[in-house]
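The values are calculated or read from the model by the stated rules, or taken from the named source; none is laboratory data. Owing to the predicted nature of the structure, the values given are computational and were not obtained by experimental measurement. Every residue, glycine as well, gets a Cβ built from its backbone with ideal geometry; the counts of neighbours run over all protein chains shown. For the accessible areas, the whole protein counts, side chains as well, though only heavy atoms, and no ligand, DNA or RNA atoms are used. Shrake-Rupley method; radii C 1.70, N 1.55, O 1.52, S 1.80 Å.
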Amino acid sequence: MAPGTEAVIGRGLAVTATELRTQSEGDDQLVAKLRVVTVPTREIRTSGLPDIDGAPGGTLHGFGILADALNEIPGFGVDNPIREHCFVPAASAIALREPAIHDDLYTPISDEELEENSPFHAVKLASQSDTHTLITEELSTWFLDQLP
């Protein structure tokens, strides 16, 4: 997903002009415009953060969870073009790199880097980003192969 893309867009009367965006890298990038009922719109901007929402790793349907809840409240309806975001970046989950900049999150992890820098005895990364804690055949097979 592209950084700065609208993920939740207020359409109901109570939240018109509200929007949540995927995280952009850097300083002063718009992340959200919040407006509820008569409160003036408030803008939330980044402060030196990497573009984490699209990073490889475990995902969460966080934007979707919020949208579903808002759509149940009269006047708070939203559109939800992006339902999920990165919840646990792969490089962070295996304690390989601090997620401080874009390259920490998006640089592919080599087998050599895993062996030399990961504090874990054995690591298996999914071949694609999936929902956090999703039990897949790929990961289950690897896990069972690790048993004595």
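Descriptive notes on the structure:
- Folded to 0 to 90 degrees: helix 62-71 orientation relative to the chain principal axis, Cα: 30 degrees
- Karplus-based coupling profile of the range 89-104, in residue order and whole Hz: x, 4, 4, 6, 4, 9, 6, 8, 9, 6, x, 8, 9, 3, 4, 4, with θ = phi - 60° in 6.51 cos²θ - 1.76 cosθ + 1.60 and x standing for Gly or Pro.
- Remark on residue 18: its backbone amide H falls under 5 Å from those of 10, 35, a criterion applied only to residues 5 or more positions apart or on other chains, H modelled at 1.01 Å from N.
- Heavy-atom surface of the range 63-141, accessible at 1.4 Å and reported per residue (Å²): 65 Å²
- Percentage relative contact order, the range 33-84, counting C-alpha pairs under 8 Å, at least six apart: 27 percent
- Largest to smallest accessible area among 132, 121 [probe 1.4 Å]: 121, 132
- Accessible-area value, residue 133, 1.4 Å probe, nucleic acids and ligands omitted, Å²: 110 Å²
- The 3J(HN,Hα) values that the Karplus relation (6.51, -1.76, 1.60; θ = phi - 60°) gives for the range 125-132 are, in residue order, 9, 4, 6, 8, 5, 9, 4, 3 Hz. Gly and Pro appear as x.
- Computed lengthening from residue 139 to residue 72, 0.36 nm per intervening residue step minus Cα-Cα distance: 20.5 nm
- Three-way shape call for the chain based on the alpha-carbon gyration tensor, with the a/c threshold at 1.5: oblate
- Tilt relative to the chain, helix 137-146 - C-alpha long axis, 0 to 90 degrees, to 10: 40 degrees
- Relative contact order of the chain, defined on C-alpha pairs under 8 angstrom at six or more residues apart (%): 21 percent
- Portion, in percent, of the accessible area of the range 68-148 that falls on carbon or sulfur, probe 1.4 Å: 54 percent
- Interchain or long-range residues, amide H under 5 Å from residue 118's placed H: none
- A Gaussian network model of the chain, with springs between Cα atoms under 10 Å, assigns the largest mean-square fluctuation among 135, 101, 82 to 135.
- Options 108, 128, 10, ranked by Cα towards positive dipole end of the chain, top entry (Cβ charges): 10
- Computed helical MRE - 222 nm, the chain, DSSP H runs ≥ 4 contributing -39500 (n - 2.57), nearest 500: -6000 deg cm²/dmol
- Separation between Cα centres of the range 1-70 and the range 71-112, rounded to whole Å: 13 Å
- Accessible area in the full protein assembly, largest first, 1.4 Å probe, for 63, 120: 120, 63
- In Å², nearest 10: area of residue 42 left accessible to a 1.4 Å probe: 150 Å²
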